[in-house]
Amino acid sequence: MIEEFIDFGSWQSIALFTAINFGVIFFRYVMVSLIFHFVFKVILKNRYESRRISDKLRKPKQSQKEILWSAITSFIFTLSFVGMVWLYLNGKTAIYTNVSEYGWWYLPISLLIAMLIHEAYYYFLHRWMHRPKIFKLFHYVHHDSVVTSPWTSFSFHPIES
């Protein structure tokens, strides 16, 4: 199915596929952030103001920095996705599209296993990133957002993305 949309034999096609996917990923980030910002900072501001975690104000230009880091993160997510599509189209993955190959019971189990592996991976990676030398190298970007907002969600250093 995806073969109809991308021809990895052409650099122009790869560039267009990459640009479209970046647009989709970044647009989703912006839209979800705007919705949460509007709901919690405009519509329900008075209701949740007393539940603020920090009394500190956001730093000047903090949102702009977070959006910039998030754009870079979105691009890295895009490269990962494009790479996965290339691997899939070249038969280098275990991704299957016919559920009957393994049976319907395998679908939820494989999803749970994948989620468990991802959570364990990220848990141990995140602990490792809190080691002082590693933290100073790149994890500081994530923790630079002490007063968080919806714009913080994708704000990572490229190495961490």
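Just so it is clear, none of the values below were taken in a lab; they were calculated from the coordinates. The shown structure was predicted, so the numbers you read here are calculated from the model rather than taken from an experiment. Cβ coordinates were reconstructed from backbone atoms using ideal geometry, including for glycine residues, and neighbour counts include every protein chain displayed.
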Task: Residues 27, 8, 154, 75, sorted so that the one with the fewest Cβ neighbours within 10 Å comes first - done: 27, 8, 75, 154
Task: Proxy reagent accessibility, fewest Cβ within 10 Å first, across 50, 33 - done: 50, 33
Task: Hits among lysines - C-alpha to C-alpha of residue 61 under 28 Å, sequence gap 8 or more where chains match - done: 41, 45, 133, 136
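Taking the number of other C-beta atoms within 10 Å as the exposure measure, put 11, 86, 151 in order starting with the fewest. Show your work: numbers first, answer last.
On the way: 11 8, 86 15, 151 23.
Ascending number of Cβ neighbours within 10 Å: 11, 86, 151.
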Task: Average projected area [Cα convex hull, region 1-82], square nanometres - done: 7.6 nm²
Task: Where Rh is the Kirkwood radius over Cα pairs, Rg/Rh for the chain - done: 1.04
Task: For region 1-76 versus region 132-147, the gap between their alpha-carbon centres in whole angstrom - done: 20 Å
Task: Cβ-based net charge around residue 128, under 14 Å, with every Lys or Arg adding one and every Asp or Glu removing one - done: +3
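For the chain, what does the helix formula give at 222 nm: sum of -39500 (n - 2.57) over DSSP H segments with n ≥ 4, over the residue count, nearest 500 deg cm²/dmol?
Working: 5 runs with 87 residues, N = 161.
Per the formula, -18000 deg cm²/dmol.
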Open item on the list: Give me log10 I(q)/I(0) at q = 0.19 Å⁻¹ for region 27-74, Debye formula, one equal scatterer per alpha-carbon, no solvent.
Closed with: -0.78
TODO: Could you grab the relative contact order for region 2-152? Cα pairs under 8 Å, six or more apart, rounded to a whole percent.
DONE: 39 percent
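Grab the other residues whose beta carbon is less than 13 angstrom from that of residue 45, score K and R as +1, D and E as -1, and report the net. Provide the component values of the computation, followed by the final result.
On the way: positive: 41, 47, 51, 52; negative: 49.
Here the count lands on +3.
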